1. Quick one: what are the phi-derived ³J(HN,Hα) couplings along the stretch 387-393, Karplus 6.51/-1.76/1.60 with θ = phi - 60°, whole Hz, x for glycine and proline?
2. Any chance you could run the full-extension gain for residue 24 through residue 120? It's 0.36 nm times the residue separation minus the Cα-Cα distance, nm to one decimal.
3. Might you report the magnitude of the Cβ-based charge dipole of the chain about its Cα centre, with Lys and Arg at +1 and Asp and Glu at -1, to the nearest 20 debye?
4. Counting other beta carbons within 10 Å of each Cβ, put 477, 223, 50 in order, fewest first.
5. Quick check: residue separation of residue 408 and residue 201 times 0.36 nm, minus the Cα distance between them. What number comes out in nm?
6. Just how far, in whole angstrom, is the stretch 301-378 from the stretch 65-90 if you go by their alpha carbon centroids?
7. In which sequence would 384, 306 go, from the one with the fewest C-beta neighbours within 10 Å to the one with the most?
8. Where does each of 371, 376 land when they are ranked from fewest to most other beta-carbon atoms within 10 angstrom?
Amino acid sequence: MINSKVVINVLGLLLIINGVLMLVGLPFSWYYGSNDILPILTASAITLIFGGACWGITFNSNRADIGKREGYLIVTLGWVTMSLFGALPFVFSGAIPSYTDAFFETMSGYTTTGASVLNNIEQIPKGVLFWRSMTHWIGGMGIIVLSLAILPILGIGGMQLFVAEVPGPTADKIHPRVKETAKRLWFIYFLLTVIETILLMLGDMPLYDAINHSFATMATGGFSTKQASIAYYNDQPYIQYVIMLFMYFAGANFAMHYFALKRRFDRVWHSEEFRFYTFSVIAVGLIHTVGLILNDGLHPERAFRDSMFTTLTIVTTTGFVTADYETWAIPLLFIVFMLMFTGGSAGSTAGGIKVVRLLLIIKNSLVELKRLLHPRAIIPVRLDGRAVPANIMTNILAFSILYMLVFVIASLIMTGIGLDFISAIGATIACLGNIGPGLGSVGPTANFAHIPGLGKWFLSFLMLLGRLELFTVLILFTPTYWRR
């Protein structure tokens, strides 16, 4: 059965890390003279005490004993536990008095969704606001390590295709080489964050805002320090282009960044997923550009900037906003809605179904047509010149069907909670796909503050479900998981 001691031990360690990271925003609290120093210290102390207790009473547990069952539980409970305690700075500071709202905001941060309940972002104390962005950065890195180092062990999502490219585990239990993988990924993630921060500062963005926006960009999260999001910088094209570039980087498979640093650019361009991701963004962005010029009469540069930014922010599930896409022509808005079901690359910080799954579904469909003409031929689905195992194709097809089924059922539930049809499907895909802004009353110029409490808890669950690739969470609700 499940080794509960090792699960509690790891969760305790995560809470200790969480409690320490809460303190990172204190220098900004002091510098700006905000009144959130004591609330942050209190929240950190509670988190450290609880985490230390969990870690201490299970100190003798052997983390080498973590198997698949423990892995599923740790991954799911890790995100939930960190969100439960991560909400404390918001509540104690009074920035978000309601614990339901605070939990929603925190889960949105850790899952890099970017859906918010705040209507007064500029008035939030600087330390707490920094913690809000920090939840993005923590969650984004957690997803990178999870997708390239942990999920392959658990057999989730067909990510085994990419693990061979980055040193990682192959055993049933979590292998020590995961540490090496994590170190390399952390370095790349940190390096890109620092570079973006510097570039934003060169565009006259203050250090505080530059760090916060870099956290949100690299995590494809979307929390901004401005109520208007990146539309606040509509008169500063340089800043928007920098953020666009790093959204593109964050939406790519981080294994590609690893190869690029190794100067193995042939391996980057050889990736069909990377090419599909790149050309899709360019193609859709140009379609939107032409549409905005013809329909809205925008200046070509502004039309291109708004189009490419919106395409990137939706595809990479970042959720930043520079334009109200709900005012666009219906065909353009429909394309935006369809993009909400794509997501970025596997092994990126982006959410959604993922580009590689869509690519393989298309390839599988074309192969099926060939098989109809040549029923005796053995025609495998290939990716990057390699045959994709049948079990991975089955996993991808099952995931996609389940994803759509969850979307339909969740949308129905949201209409039952009181949302109109457009807002219900908009809120559902925005949270399930970890996008942030949706449609209707939760569109790019609105937020989730008006959603009933029950709806916020349900949408928080959808954020977790989408972020952890469905199966990781849903398997915990099956009788088989709990049997000997």
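Coordinate-derived values only; no laboratory data. Note that the coordinates shown come from a computational prediction; the quantities given were computed from them, not determined experimentally. FYI the Cβ positions are ideal-geometry reconstructions off the backbone, even for glycines, and counts take in every protein chain you see.
1. The phi angles translate into 6, 7, x, 4, 5, 6, 4 Hz.
2. Numbers: separation 96, 0.36 × 96 = 34.56 nm, distance 2.24 nm.
My answer for the length gained is 32.3 nm.
3. On the way: 31 positive and 25 negative charges, 391 e Å.
Dipole size: approximately 1880 debye.
4. Numbers: 477 8, 223 30, 50 19.
Sorted ascending by nearby Cβ count, the order is 477, 50, 223.
5. Numbers: separation 207, 0.36 × 207 = 74.52 nm, distance 4.32 nm.
Fully extending the segment from residue 408 to residue 201 adds 70.2 nm.
6. 30
7. Details: 384 14, 306 24.
Exposure proxy ranking, most exposed first: 384, 306.
8. Least to most surrounded, the residues fall as 376, 371.
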